[in-house]
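Input: a single structure, listed below in C-alpha cells.
The numbers here are math on the coordinates, done by the rules we state, and not lab data. No experiment lies behind these values; they were computed from the predicted model shown. As a convention, Cβ positions derive from the backbone with ideal geometry for all residues, glycine included, and neighbour counts pool all protein chains shown.
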Amino acid sequence: MPAKAKVTKEMIIDAALAVARREGAENINARTVSEKLGCSTQPVLYYFKRIEDVRIAAHKKGSEFHINYVTDLSGKYERPMLEMGMRYIQFAVEEKNLFQFLFHSNYYTSGQLSDWLTGENLDSVFSVLKIQTKADTQQAYRIFSQIFFVTHGIASLLANNAMVYDEAYCIKTLSNAYFGAMYLMKGKNLL
C-alpha cells in the first residue's frame, strides 16, 4: 500500500482559500477543507487549533492574491492608474466571493485604511502617480484615495450584485474621478 501524501499547513490554507472562492468564506470549516484535500479533518485540526485561525490564514493569502492581481498591469488601458482601478473592479466581478471575504467580512484587520493606502505594496503606484500628476507625496495620496473610494464603491456594488458590469461606464467614472481630483489639486488646491 502506498504511503499517504502528507498534508501541509500551506495545503490547508490553499484549500480554505479555494472554498472561500468557490462557496464563500462562511463555508470554511474543517469538513469542507478536508474534503477539498481528500483527507480526514485531523490534519486541519492538527495545524490549526481553531477554524477561525484557518479563516485568518486564508484571508491573508487571499489578500496577497488580490494585491498581485490588481498590480499586475499589462498596459491595456491608457493610464496605469486607470488600469489598476479597472483590475480592482474586474477582480470584484470575477472573484465575488473572495472580494466579499476580503472587504466585507470581519477578517480585514489591517488597521486604518490610510495604512493600507500608503503601504509598501503601493509605493510603485505612488511613484508613477507623482510623476504623471507632478504632485508631491501628500497630493498623490489624496488623489489616489479619492480614486480608490470611487473604485471600491463600484467594486462593492458589483460584488454584491447591486449593479451590472459595464466596462465603458467604469472607465468613464474612474477617469472622471482621476481628472476631477487633478483639477481640484491643480486649479483650486482644495485637496
Legend entry - the range 119-174: trypsin sites (Lys or Arg not before Pro) falling in loop per DSSP and having at most 13 other Cβ within 10 Å: LYS134
Inset, instruction - Any chance you could give the angle, 0 to 90 degrees and rounded to 10, that helix 167-183 forms with the longest Cα principal axis of the chain? - result: 50 degrees
Inset, instruction - Once you've got the Cα coordinates, tell me which of LYS76/LYS186; LYS130/LYS186; LYS36/LYS61 are over 20 Å apart. - result: LYS76/LYS186
Inset, instruction - Kindly provide the Kirkwood hydrodynamic radius of the range 29-110 in Å, to one decimal, from all pairs of distinct alpha carbon atoms. - result: 14.5 Å
Legend entry - Along each principal axis, Cα extent of the chain, largest first, Å: 73, 32, 29
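Among residues other than LEU82 whose Cβ falls under 11 Å from its Cβ, what is the net charge (Lys/Arg +1, Asp/Glu -1)? Before the final figure, lay out each step's value.
Details: positive: LYS76, ARG79, ARG87, LYS172; negative: GLU78, GLU83.
Neighbour charge sum, excluding LEU82 itself: +2.
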Legend entry - Per DSSP, loop GluC sites (Glu not before Pro) in the range 15-105 with at most 13 further Cβ within 10 Å: GLU78
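By count of other Cβ within 10 Å, fewest leading, how are LYS61, LYS76 ordered? Walk me through the intermediate numbers first.
On the way: LYS61 16, LYS76 9.
Ascending Cβ contact count within 10 Å gives the list LYS76, LYS61.
Find me the longest stretch of the chain that has none of the exposed chymotrypsin sites (Phe, Trp or Tyr not before Pro), where exposed means in a DSSP loop (not H, G, I, E or B) with at most 15 other Cβ atoms within 10 Å. It would help to have the intermediate numbers written out before the result.
Working: sites that count: TYR108, TYR165.
Maximal segment without exposed cleavage sites: 1-107.
Report, as a whole number in µm² per second, the diffusion coefficient that Stokes-Einstein gives for the range 1-65 at 4 °C and 1.567 mPa s using the Kirkwood radius over alpha carbon pairs. Numbers along the way, then the final one.
On the way: Rh = 11.6 Å.
Translational D for this selection: 111 µm²/s.
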